[in-house]
Amino acid sequence: MGEGKLDNLCIRPKATVRDAMAALTSGQKGIVLVVDLKGRLRGTVTDGDIRRALLEGKDLACTVEELIRAKARSSYAKPVTASRDTGMAELLRLMDVHSVRQIPLVDGQERVVDLVTMADLIPDRSGEMQAVIMAGGQGSRLRPMTETVPKPMLPVGEKPLMEHIVEQLKEAGIQR
């Protein structure tokens, strides 16, 4: 990622939630790295962390240090990190296991040296994937249900069958 690009993702523990929001916006990586004066990682802040803090009654003037203390009581207490030489397969495995989309890379002294995102490892290829849903036929085996409703629009639970299919395609990364 390079040193210059990492600078706008790093904030100090005494920075405010408002500062973190500005860094999230300018950094465009979905994460802000909270580092001490020596560049050692002390925590991370994401949109979700800010949303949870606001729901708990914290305001935009509270420090990110307070957010990190609150996270210490959650399953996100310690940031998921890796060393600079961690391979792509292991980074993807860590992202999957911990349900994260960004991993700070640190050296032996826990100083941040880079940030890897899911988009870095798996570029967006949604434009390349397309699907065709075959929905033809008379629906004769499902009569009398298909006398007034086409088979793809038959309700399954609370939604039509076709809506379930489209949602599953979206979850698989297919946009067209």
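The values are calculated or read from the model by the stated rules, or taken from the named source; none is laboratory data. This is a predicted model, so every value here is computed, not measured. Positions of Cβ are backbone-derived with ideal geometry, glycine not excepted, and every protein chain shown enters the neighbour counts. Note: areas computed on protein heavy atoms with side chains; ligands, DNA, RNA excluded. Shrake-Rupley method; radii C 1.70, N 1.55, O 1.52, S 1.80 Å.
Looking only at the range 156-164, decide whether some residue is exposed (fewer than 13 other Cβ atoms within 10 Å of the Cβ) and either assigned to a loop (DSSP other than H, G, I, E, B) or touching a residue at least 60 places away in the same chain (Cβ under 8 Å) (or both). Scanning the range 156-164 turns up at least one residue that is exposed (fewer than 13 other Cβ atoms within 10 Å of the Cβ) and either assigned to a loop (DSSP other than H, G, I, E, B) or touching a residue at least 60 places away in the same chain (Cβ under 8 Å) (or both). Considering the conditions (1) of a type in the set (Lys, Arg); (2) surrounded by fewer than 17 Cβ atoms within 10 Å (Cβ to Cβ); (3) more than 29 Å from GLY173 (Cβ to Cβ); (4) in contact (Cβ under 8 Å) with a residue 12 or more places away in the chain, ARG84 is excluded by exactly one of them, (3). If you go through the range 134-155 and keep only what is exposed (fewer than 10 other Cβ atoms within 10 Å of the Cβ) and either in a helix (DSSP H, G or I) or β-branched (Val, Ile, Thr) (or both), you end up with SER140, ARG141, GLU147, THR148.
Scanning the range 57-76 for residues that are open to solvent by less than 50 Å² (accessible area, probe 1.4 Å) and either touching a helix residue (DSSP H, G or I) at 6+ places or on another chain (Cβ under 6 Å) or at pLDDT 90 or above (or both) turns up LEU60, CYS62, THR63, VAL64, LEU67. Scan the range 37-61 for residues that are in contact with a strand residue (DSSP E or B) (Cβ under 7 Å, 6 or more places away or on another chain) and not hydroxyl-bearing (Ser, Thr, Tyr) and the total you get is 9. Taking the conditions exactly as written (assigned to a helix (DSSP H, G or I) and under 20 Å from MET118 (Cβ atoms)), does ARG93 satisfy them or not? Taking the combined requirement at face value, the residue satisfies it.
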